[in-house]
1. Please give the net charge around VAL150, taking every other residue with its beta carbon less than 13 angstrom from that of VAL150, where Lys and Arg add +1 and Asp and Glu add -1.
2. For a quick check, take a GNM of the chain with Cα springs below 10 Å and name the residue from SER232, SER342, SER360 with the largest mean-square fluctuation.
3. Can you give the accessible area per residue of region 272-370, in Å², using a 1.4 Å probe?
4. Pick from THR169, THR276, THR180 the residue whose mean-square fluctuation is largest in a GNM of the chain, springs joining Cα atoms under 10 Å.
5. On the full set of protein chains, 1.4 Å probe, figure out the accessible area of SER202 and give it in Å² to the nearest 10.
6. Less than 14 Å Cβ to Cβ from ARG221, Lys/Arg counted +1 and Asp/Glu -1: what total charge do the surrounding residues give?
7. Please report the spacing between the Cα centers of region 235-278 and region 309-334 in Å, no decimals.
8. Taking only C-alpha pairs under 8 Å that are 6+ residues apart, what is the relative contact order of region 124-244 in percent?
Amino acid sequence: MRKHAADAGLDDAIIVNTCAVTAEAERQAGQTIRKLRREHPNAKIIVTGCAAQIDPKKFSDMPEVSLVIGNDDKLRAEVYRSINEREKIHINNIEEVRETASHLVQGFEGLARAFVKVQNGCDHRCTFCIVPYGRGPSRSVPVDDVIKQVRALVEQGYREIVFTGVDITAYGADLPDAPTLGKLAWKVLMAAPELPRLRLSSIDPVEVDDDLWYLIAHEPRLMPHLHISMQSGDDMILKRMKRRHSSKDIVDFCARARDLRPDVIFGADIIAGFPTESDAMFANTLNLVKECDITWLHVFTYSARKGTPAARMPQVHGSVRKIRAAQLRAAGEDAVDRHLKSLIGRRFMALVEQSGLGCSPGFAKIKIPASANMGEVVEVECIGREGEMVVAKLVE
């Protein structure tokens, strides 16, 4: 997006990429736009992203906004050249989009790891989720295009690649021969033998294919960090969410992954205070987090999204939602504390994210000597603890 705007001569433009997952995210987007206008009175403010796709008029009616672009159009160069035209909204029907171009990104300013979008959109309709209305149906980037992007980034010196998408374990179903996520990862690792680290973003535990299970067991370059789209640990709530897994599926997934890769670390997305959630149902979620020893918790306080089935269900009081979210975050803090303590005395390879800061294979933050260069993968030994990080020395 930055490149397209620059190529169109929009040097004075500010692009706001909005989120629609929660009402708070939308509120903050509006607040940010107004603040940006105060700070940059002469800039052209372009608004895009999921919130803009779902409700473009809401943003086009803001006097601060110069142009509203949909999620598909935001990656098309010609749209940015039209900012001086009379039409203020460029939005197409995202439900009709059937292709995800590879959109080769040349680099990631200030980042040591690179992100490659392999998939976009979602064919599922979880009752709480507005995202499919902002991203459209599931569609995958062809394998050869992903390999081309990864090769270009590796040649630039990136030593960790992250596969991203809305539902990456659904990868390939829309492509000829229906390659799976595991098959894609295997082909990428074969095509880039000098790439030391491949990481996955959020995955659906019941969509993991056999090839991915094989890589989890046998490929050390696939990072032992699996982030689960879990949402709840109670079976009735999972049914009301219209999820595709049960609590037992989560337990079985974690047990199998840990058996294949003993050093695996789990993360999870969890919603606190989903409609109809009782104290007992919430306790089931807390218990599942502990039973599966999930370390990195990404906790959402439930937010009703207009147009979703969950918004019409009996709602949990806002104060109760916040209390439950706080309890989950506290459980996450305890899990992180245990994990960081377990790293002391251990050696492993760390990615240097910036001067004095690294990242473990399991996604823990590490304080390392400033002599290590950003982007390098170095061997470290953890010798202590400092706040939310472990302290490590370089292994000669």
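The values are calculated or read from the model by the stated rules, or taken from the named source; none is laboratory data. Computed from a predicted model, the values in this text were never measured in an experiment. Methodologically, a virtual Cβ is constructed for each residue, glycine included, from the backbone with ideal geometry; neighbour enumeration extends over all protein chains shown. Note: accessible area is taken over every heavy atom of the protein model, side chains too, but ligands, DNA and RNA are not part of it. Shrake-Rupley method; radii C 1.70, N 1.55, O 1.52, S 1.80 Å.
1. Local charge sum for VAL150: +4.
2. SER342
3. 47
4. The residue that fluctuates most here is THR276.
5. 40
6. Values: positive: ARG113, ARG159, LYS187, ARG197, ARG199, ARG261; negative: GLU160, GLU194, GLU219, ASP263.
That works out to +2.
7. Spelled out, the Cα-based centre of one part sits 16 Å from the other.
8. Working: 142 pairs, mean separation 32.6, N = 121.
Answer for region 124-244 is 27 percent.
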